[in-house]
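The values are calculated or read from the model by the stated rules, or taken from the named source; none is laboratory data. Quantities reported herein were computed from a predicted structural model and do not represent experimental measurements. Cβ coordinates were reconstructed from backbone atoms using ideal geometry, including for glycine residues, and neighbour counts include every protein chain displayed. Protein only, heavy atoms only, side chains kept; ligands, DNA and RNA dropped before computing areas. Shrake-Rupley method; radii C 1.70, N 1.55, O 1.52, S 1.80 Å.
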Amino acid sequence: MEKEITAFISYLHNVKKTSNNTEMSYKRDLEKMQNFISQEGISQVGDVTAETLCAYIQYLEANHFAAATVSRNVASLKAFYHFLMQEGMVTKDVTEKLKAPKIEKKIPEILTPEEVVRLLEQPCGDSPKEIRDKAMLELLYATGIRVTELITLKVSDVNLPMSYLICRDASKERVIPFGAAAKSALERYLDGVRLSMIEDKKSEILFANCSGLPMSRQGFWKLIKYYARKADIKADITPHTLRHSFAAHLVENGADLRSVQEMLGHSDISTTQIYANLHHSHIREVYAKAHPRG
């Protein structure tokens, strides 16, 4: 089965133009399944049955994998078998009746506007690192982009005079405006600081780490945790918390969902709808506390 998995990952990379993170996720899921069925004495993809895959999903659930993880594994298997059918490598899609568990949608962690201000005020020194950190945090909250999108931004993706950036993924690009605070922080960073930090002076990468190389997800994760502690924020925040806060604060201040959807890059507006639900919950909470007969 190894050669079929390799062919599938190659297809994702060359034809579907998926991200490296997506490809690695599919590969991990499929290799986990391959390991399970090999222990059942199955090595050929044509020998896998619907019952085999049902047993695999039951194995994941019995070992207390999160519902979201099990659901992602089901999606990986379905995508894999769709490819195998398309390429004529199998004659039957044994994932047809495979069902993902229901996932209870968690309310995302949202910072209050006051907490965001405290967080963004933490890098306030004149060192190149703090100037860079300030620019990264301001830009993340100003645009709501994903951390992977932030750390892979190029200098040419940012239009400072017009205050917008272009965020690209495998299949599309979106234009996202940013405000005066992010613009000021970026101008300060780009005015000599970036070049002093970056190792390869010809590199187009916008943000470098302290070794002069592109910033990693783990590096930025540590950075935001550090400033959250300094800001005395009790919530266990991640880089995605600023993305959620960006969207929730926009909706709370009257932005329409379609515009928020476009800025976030959501393919389905139902994903963006959660921020409207959060807003309505907040309104109900305010009403209950403030109305004399609430």
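Key figures for this structure:
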| read-out | value |
| --- | --- |
| Among residues of the range 225-249, those that are outside any loop (DSSP other than H, G, I, E, B) and open to solvent by less than 50 Å² (accessible area, probe 1.4 Å), counted | 13 |
| Checking Ser43 against (1) open to solvent by less than 80 Å² (accessible area, probe 1.4 Å); (2) farther than 18 Å from Lys102 by Cα; (3) of a type in the set (S, T, N, Q); (4) not in a loop (DSSP other than H, G, I, E, B), the condition it does not meet | (4) |
| Residue satisfying all of: in the range 209-218; small (Gly, Ala, Ser) and farther than 17 Å from Ile145 by Cα; least open to solvent (accessible area, probe 1.4 Å) among these | Gly212 |
| Matching option when the condition is assigned to a helix (DSSP H, G or I) and either among the acidic types (Asp, Glu) or under 30 Å from Phe246 (Cα atoms) (or both), among Glu51, Glu96 | Glu51 |
| Scan of the range 63-81 for residues that are more than 16 Å from Lys99 (Cβ to Cβ) and either charged (D, E, K, R) or part of a helix (DSSP H, G or I) (or both), ordered by number | Phe80 |
| Any pair with Cβ under 6 angstrom, 6 or more apart, that starts in the range 53-64 at a residue that is without any contact (Cβ under 8 Å) to a residue 40 or more places away in the chain and ends at one that is assigned to a helix (DSSP H, G or I) | Tyr56/Met33; Tyr56/Phe36; Leu60/Val70 |
| Set Glu149, Glu109, Glu138, Glu130: member being more than 16 Å from Ala181 (Cβ to Cβ), charged (D, E, K, R) and either in contact with a Pro (Cβ under 6 Å, 6 or more places away or on another chain) or surrounded by 20 or more Cβ atoms within 10 Å (Cβ to Cβ) (or both) | Glu149 |
| Among residues of the range 17-39, those that are open to solvent by 50 Å² or more (accessible area, probe 1.4 Å) and either at positive phi or touching an Asp or Glu at 6+ places or on another chain (Cβ under 9 Å) (or both), counted | 3 |
| First in the range 142-154 and free of Cβ contacts under 8 Å to residues at least 12 places away in the same chain and among the hydrophobic types (A, V, I, L, M, F, W, C), second anywhere and part of a helix (DSSP H, G or I) and open to solvent by less than 20 Å² (accessible area, probe 1.4 Å), Cβ under 9 Å, 6 or more apart | none |
| Selection from the range 3-21 of residues that are free of Cβ contacts under 8 Å to residues at least 40 places away in the same chain and out of contact with any helix residue (DSSP H, G or I) (no Cβ under 7 Å at 6 or more places or on another chain) | Lys3, Thr6, Ser10, Asn14, Val15, Asn20 |
| Filtered residue count, the range 71-96, keeping only those that are closer than 16 Å to Lys32 by Cβ and surrounded by fewer than 19 Cβ atoms within 10 Å (Cβ to Cβ) | 5 |
| Test: residue in the range 152-161 that is closer than 19 Å to Ala181 by Cα, open to solvent by less than 20 Å² (accessible area, probe 1.4 Å) and modelled with pLDDT of 90 or more | yes |
| Among (1) within 21 Å of the chain's Cα centre (by Cα); (2) part of a helix (DSSP H, G or I) - the single one Leu165 does not satisfy | (2) |
| Test: residue in the range 207-215 that is outside any loop (DSSP other than H, G, I, E, B) and either out of contact with any strand residue (DSSP E or B) (no Cβ under 7 Å at 6 or more places or on another chain) or among the β-branched types (Val, Ile, Thr) (or both) | no |
| Residue within the range 185-195 that is touching a strand residue (DSSP E or B) at 6+ places or on another chain (Cβ under 6 Å) and touching a residue at least 24 places away in the same chain (Cβ under 8 Å) present | no |
